[in-house]
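Asker: Take a look at this one; I'll ask things after.
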Amino acid sequence: MQKMIPLSIPNFEGNEKKYVNEALDQGWVSTGGAYITRLEGQLASFLKTENVAACQSGTSALHLSLIEAGVGPGDVVLVPPLTFIAAVNPVRYQQAVPVFIDCDDSFCMDPVKLRSFCEEECLFDGTVLTHRGRAVKALIVVHVFGNMADMEAIMDIAGKYHLQVIEDATEALGTHYTAGRYEGRYAGTIGHFGAFSFNGNKIITTGGGGAVTASESAKVDHIRYLSTQAKDDPHYYIHHEIGYNYRMTNLQAALGVAQMEELPEFICRKQANYALYREQFEGFPLAELMPFRSGTASNCWFYSLKIDRNEIHASMREIITALQDRGIQTRAIWGLINEQLPYEGEETYHLEKAPYYASRILNLPCSTQITREEILTVCREVKQLLENLANCS
Ligand SMILES: *Cc1c(COP(=O)(O)O)cnc(C)c1O
């Protein structure tokens with residue numbers, strides 16, 4: 001039997017073992033150590049931003065951003081329905097209230113619906129936007145699959161209504177604008193806060209890990225302070241605020257420093273592999289490989305194939321299982337967050353595109369070490385399966 005082509009696995013071709021061993025040899029395994037500050041420096045220079053705080057996960061990065069943005073009990077935070085649930089859970093950690101705003105064709109928050117929600121469902125007194133008596137404090141925009149949200153439009157709306165913008169750039173490390181007002185600016189460095197993740201399937205990994213940046217450098221310093229139990233005196237255990245144990249460890253950072261050295265190469269491979277997939281699906285009538293936003297250079301983290309539902313009625317589960325049997329690991333886009341049990345009662349605003357894409361997007365294998373032959377195999381098998389399914393229905 002041919003071996004399985006995985007969806008997305010980590011790649012350790014560089015100095016990972018060397019650096020992790022060095023951290024072990026030096027005994028610096030915990031939340032202090034030179035690799036942490038080195039990784040923060042690498043990230044800041046790569047992202048062309050001033051200050052980055054390394055932390056324990058993308059989820060903790062988002063949680064710290066919400067805290068620093070001043071989101072508290074009863075506040076409204078505008079969130080996406082079509083994303084990984086970790087983008088929304090921190091809203092609940094702060095006892096704030098999510099309202100789900102639809103996505104556009106980039107899978108990211110739709111600025112047209114965001115604007116009409118603010119105009120038609122809220123009151124603005126010149127300082128505070130309120131929705132049914134609650135302050136709308138912030139919005140979380142997720143750059144889904146390495147795409148970039150329409151940040152020009154979103155920042156304009158947020159500016160008008162005094163909303164804090166938290167960019168969930170966990171999937172978009174390296175994605176940046178190549179044209180327009182934000183030319184040269186990276187996902188995660190345009191809003192007030194930007195969160196990154198280095199979980200196992202992200203474009204670089206530290207096992208588990210994340211990072212935060214902010215438009216104001218002092219806020220990053222305060223986030224770093226909160227992430228280390230808000231220690232005001234390192235020797236006598238004096239604390240003036242409630243802190244968290246959210247700092248990255250030096251062992252994770254050692255892995256991260258090696259991965260950052262490889263990031264430009266990983267992005268090149270993801271982009272080249274995406275181009276090959278695109279070429280293969282060009283003109284194929286039963287499915288379309290979704291593009292990334294024009295005017296941006298995407299890190300091409302995940303590839304999305306949109307299945308034609310007029311022709312193919314098999315469920316995502318059936319398609320994924322059939323491909324699994326052919327030695328190809330794929331996955332469906334997420335179940336909508338507003339349909340998950342803990343969010344069932346929450347408010348949604350004109351969700352149309354999110355359910356549309358949820359029922360037809362298939363993610364294809366995208367590891368950085370995937371070979372040309374493997375990609376051609378994936379394309380051949382996927383096309384064959386979809387043709388068979390179309391003939392059956
Ligand atoms: C991966 C991911 C997260 C969470 O990151 P962790 O490091 O796993 O906590 C948050 N949001 C999105 C969109 C993600 O893909």
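Asker: Which residue pairs have Cβ atoms under 7 Å apart, sit 6 or more places apart or on different chains, and have a first residue in segment 71-83 that is closer than 19 Å to HIS162 by Cβ and a second that is of a type in the set (Lys, Arg) and in a strand (DSSP E or B)?
Answerer: VAL71/LYS137; GLY74/ARG134; ASP75/ARG134; ASP75/LYS137; VAL76/ARG134; VAL76/LYS137; VAL77/LYS137
Asker: Oh, and also: Could you say whether any residue in segment 177-196 is near the ligand (Cβ under 9 Å from one of its atoms) and assigned to a loop (DSSP other than H, G, I, E, B)?
Answerer: Kept after step one, since they are near the ligand (Cβ under 9 Å from one of its atoms), are these residues of segment 177-196: 195-196.
Then drop every residue that is not assigned to a loop (DSSP other than H, G, I, E, B), which leaves none.
No, the conditions are met nowhere in segment 177-196.
Asker: In segment 346-385, how many residues are over 28 Å from LEU139 (Cβ atoms) and in a helix (DSSP H, G or I)?
Answerer: Total meeting the criteria: 14.
Asker: I would also like to ask the following. If I filter segment 20-34 for residues that are in contact (Cβ under 8 Å) with a residue 40 or more places away in the chain, in contact with a strand residue (DSSP E or B) (Cβ under 8 Å, 6 or more places away or on another chain) and not in a strand (DSSP E or B), do I get at least one hit? Quick ask: steps written out before the conclusion?
Answerer: Here is the first cut: in segment 20-34, the residues in contact (Cβ under 8 Å) with a residue 40 or more places away in the chain are 20, 22-24, 28-34.
Next cut, in contact with a strand residue (DSSP E or B) (Cβ under 8 Å, 6 or more places away or on another chain) only: 31.
Narrowing the set further to residues that are not in a strand (DSSP E or B) leaves 31.
Taking every residue of segment 20-34 in turn, at least one turns out to be in contact (Cβ under 8 Å) with a residue 40 or more places away in the chain, in contact with a strand residue (DSSP E or B) (Cβ under 8 Å, 6 or more places away or on another chain) and not in a strand (DSSP E or B).
Asker: Somewhere in segment 84-93, is a residue assigned by TED's automatic domain parsing to the domain that holds GLY146, buried (at least 21 other Cβ atoms within 10 Å of the Cβ), at pLDDT 95 or above and away from the ligand (no atom under 16 Å from the Cβ)?
Answerer: The answer is no, given that none of the residues of segment 84-93 is assigned by TED's automatic domain parsing to the domain that holds GLY146, buried (at least 21 other Cβ atoms within 10 Å of the Cβ), at pLDDT 95 or above and away from the ligand (no atom under 16 Å from the Cβ).
The values are calculated or read from the model by the stated rules, or taken from the named source; none is laboratory data. As the structure is a prediction and not an experimental result, all values here were calculated from the model. Note that each Cβ is placed from the backbone with ideal geometry, even for glycine, and that neighbours are counted across all protein chains shown.
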